[in-house]
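One structure below.
We did not get these values from a lab; they are worked out from the coordinates using the rules stated. The structure displayed is predicted, hence computed values, not measured ones. So basically every Cβ, Gly included, is an ideal-geometry build from the backbone, and we count neighbours across all protein chains shown.
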Amino acid sequence: MDESAGQKTDPLHAGHPPERPGPGRLLNVNDDEATRYMVSRILRRAGYEVEEAETGMQALEAARRSPDLIVLDVRLPDISGLDICRTLKSDPSTARIPILQTSATFISAERKAEGLESGADGYLAQPIEPPELIATVRALLRARHAEDALRRSALDWQRTFEALGDAVALVSDQGEVYRLNPAMRELLGHPDSLPACSRCLDALFEGGLKAALDSTADARGRPIREVRRNRRTYRVVIDPLRSAGGGRFVLVASDVSDQKALEQEHLRRAEELSAEARRKDEFLAMLAHELRNPLHAIATANRLQDQLQEGDPNRAELRSAISRQVRHLARLVDDLLDVSRITRGKIELSRTVMDLATCIQNGVDMVRGQAENRRQTLEWIPPPTPMPVQVDGLRFEQALINVLSNAVKYSPVGGSIRVQVESAPGSDDAAFEVRITDQGPGIAPDKLEEIFDLFVQVDPSLARSRGGLGIGLTVARSLVELHGGRLWAESEGPGRGSTFVVRMPRAHAEPDRPSERPPTNPPARSLRILVVEDNMDALFALQTLLQTLGHQVWAEADGRRGLEVARHEELDLALIDIGLPGMDGYEVAMRIVQQPGPHPYLVAVTGYGRDTDRGRAEEAGFGAYLVKPVQSEELERLLGRVSAGAAQR
Ligand code: ADP
């Protein structure tokens, strides 16, 4: 049973386990042997361990061993009990030992008072009644334990208060500081007195601390304030100390600078994401527009064709318009597929040493037609000496073409575009700079970098009217950087034209000889061809095209039927769509390969142009891979190759 605890302990606030109060170790000081014996006996019977002392000196000596309580006779031969009491109570190491004075002689109320004055915690007159002695000892021990518990708890709170990372101050309703922890002292800049702390705290709040306290007292809920100090942000809450009878407040300031920085970072990121999403939306609108234009042209040309007589020269013109538009569509789709691969650096460059002038020449040739349509002059004078650069010709030229076609697109009709190449200034011939200058709308200084971001268009309506998706420059810059070069824009501002500069490091070798053009394919002999394609229009078109070219064609709309044909017919070639319902193109190919006997040359025809798809196609047994829409030249080249191979079989 917990005898020392007079009141119930709150388990949440107990803090320490209660100390075992029970019997303890007592010191019994008395020079009279009979009384000493009697007192010790009573105490021992009550379960206490008892040490005895006869003199004042012995008592002081034994007190150093910290008994739980001392029963001290006032009259001793050497030192008076009153003096011993004073000595022990004035020494911090013994001050907390309860002392119960006993006396046979001094029994008057004054003497008793004198004894208590000397520091004794209780006083008993002899003859001592055992129950009274035990009850008094227990009461004193209980008081001692309660005091200890209180002291420990105060110490705990004190340590907690000091260890808090948050700055805490206890203030009066007038704004005077009573207490503050080290974190608050640091926040206030280590003022040297409590009034100075009050002044610093006062300066922290707009309108002063008193006003903040008043508004807290009036407010519903807990107003949270933010204050700035030493370039850090603190979030402050002030709570009234109601349990202390009002008139006091506790103020807690937490440093939220890092959290604020994080919040701001999240905000910035959210804005960035929503800008990105907006650009994507704009891009989708633009894409729809871009796709609709060629589709419209194709649909119209197609309708017109039906109305024109066979042999009308306009029919040829319409056909070439259709193929131009199809090429344009294919190019758009390629760009879209390319952009993510290129910007993530997921393309492989096969680099050789080339003359930079050759790359520029190829690029200029590609856009010359567009420039002529807009009656623009393209000025390009090749340099007298070779400028070796290590590039993947096609990829590097793609970057130049993107920039060149922008120059054409954004320059006025009849304008002129100048293309120059020279040794980069200050590079000692270690790098070259291609400068493409136009007389177009120019670019505002704050947009010079932004235009290289994906889907960014300075003036979407202009860009839309000129046909563009806002990806050309992103692709161009990524490609140039993959080649170790740099691409940037210069402009004196709107209306002043623009210059795009491509800077490339010099290659330390001479340009390879331009490769001979591949020999033209021999005309294809009649082949036995299986076409598997679930889009009936595409199936019909390809079948008709192949038949027109003189081949024998089996056209099937699903994989199983395709397999049947492959099992029974001796085929030269199978053109198989990958995205078939049920059994996909990969599986059809694998099963054809597994069939006994020779199998046809397998070609995948697909809308996906990713490297992973190509890899899978190869694994499935495909010998070639055509991306839709299949260009007729490409198809003819393939047929030529197969018929050459088939002829040798
Ligand atoms: P787009 O398909 O819109 O042309 P780009 O990525 O090629 O996409 O170009 C992004 C934007 O940069 C264009 O929309 C245009 O606003 C601006 N821009 C590009 N080239 C030029 C140029 N030569 N003159 C002026 N503005 C240009």
Footprinting exposure proxy for Met366, Met536 (fewest neighbouring C-beta atoms within 10 Å first): Met536, Met366
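Give me the net charge of Lys447's neighbourhood, meaning all other residues with Cβ under 15 Å from the Cβ of Lys447; Lys, Arg count +1, Asp, Glu -1.
Combined, the nearby Lys, Arg, Asp and Glu give -4.
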Folded to 0 to 90 degrees: helix 208-218 orientation relative to the chain principal axis, Cα: 90
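For each of Glu636, Glu206, Glu276, count neighbouring Cβ atoms within 10 Å of the residue's Cβ, then give the residues from fewest to most. Provide the component values of the computation, followed by the final result.
Values: Glu636 16, Glu206 9, Glu276 13.
Exposure proxy ranking, most exposed first: Glu206, Glu276, Glu636.
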Principal axis dimensions, largest first and in whole angstrom, of the chain by Cα: 148, 69, 55
Helix-only [θ]222 nm of the chain, DSSP H runs n ≥ 4, -39500 (n - 2.57) each, per residue, nearest 500: -15000 deg cm²/dmol
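Averaged across orientations, what area in nm² does the convex hull of the alpha carbons in the range 152-307 project? Could the numbers behind the result be given before it?
On the way: hull surface 64.6 nm².
Computing the convex hull of the Cα atoms and averaging its projections yields 16.2 nm².
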Cα radius of gyration and Dmax for the range 431-493 (Å): 12.2, 37
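Once fully extended, how much extra length lies between Glu176 and Gln595, figured as 0.36 nm per residue of separation less the alpha-carbon to alpha-carbon distance? Numbers along the way, then the final one.
Values: separation 419, 0.36 × 419 = 150.84 nm, distance 9.60 nm.
My answer for the length gained is 141.2 nm.
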Neighbourhood charge, 15 Å Cβ-Cβ cut-off, centred on Gln158 and excluding it, Lys, Arg +1 and Asp, Glu -1: +3
Filtered trypsin sites (Lys or Arg not before Pro), the range 93-128: DSSP coil and at most 15 other beta carbons within 10 Å: Arg96
Pair Asp428, Val256: separation of 7 Å Cα→Cβ label points (nm): 5.7
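Where a ≥ b ≥ c are the square roots of the eigenvalues of the C-alpha gyration tensor, would you call the range 79-211 rounded, which needs a/c under 1.5, or, failing that, prolate if a/b is larger than b/c, or oblate? Mind dumping the intermediate values first?
Details: a/c = 3.67, a/b = 3.09, b/c = 1.19.
Prolate, because a/c is 1.5 or more and a/b exceeds b/c.
Using the structure shown, select from Lys260/Lys280; Lys260/Lys447; Lys346/Lys447; Lys346/Lys409; Lys409/Lys628; Lys89/Lys112 the pairs with a Cα to Cα distance greater than 24 angstrom.
Values: Lys260/Lys280 30 Å; Lys260/Lys447 30 Å; Lys346/Lys447 27 Å; Lys346/Lys409 29 Å; Lys409/Lys628 27 Å; Lys89/Lys112 17 Å.
Violating the 24 Å Cα-Cα cut-off are Lys260/Lys280; Lys260/Lys447; Lys346/Lys447; Lys346/Lys409; Lys409/Lys628.
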Contour excess over end-to-end distance, with Cα ends at Ser215 and Ala203 and 0.36 nm allotted per residue: 2.7 nm
Footprinting exposure proxy for Phe432, Phe205 (fewest neighbouring C-beta atoms within 10 Å first): Phe205, Phe432
Label-to-label distance, nm, for residues given as Gln370 and Asp281 (7 Å Cα→Cβ offset): 2.9
In degrees, nearest ten, helix 611-620 long axis to first principal axis of the chain (Cα): 70
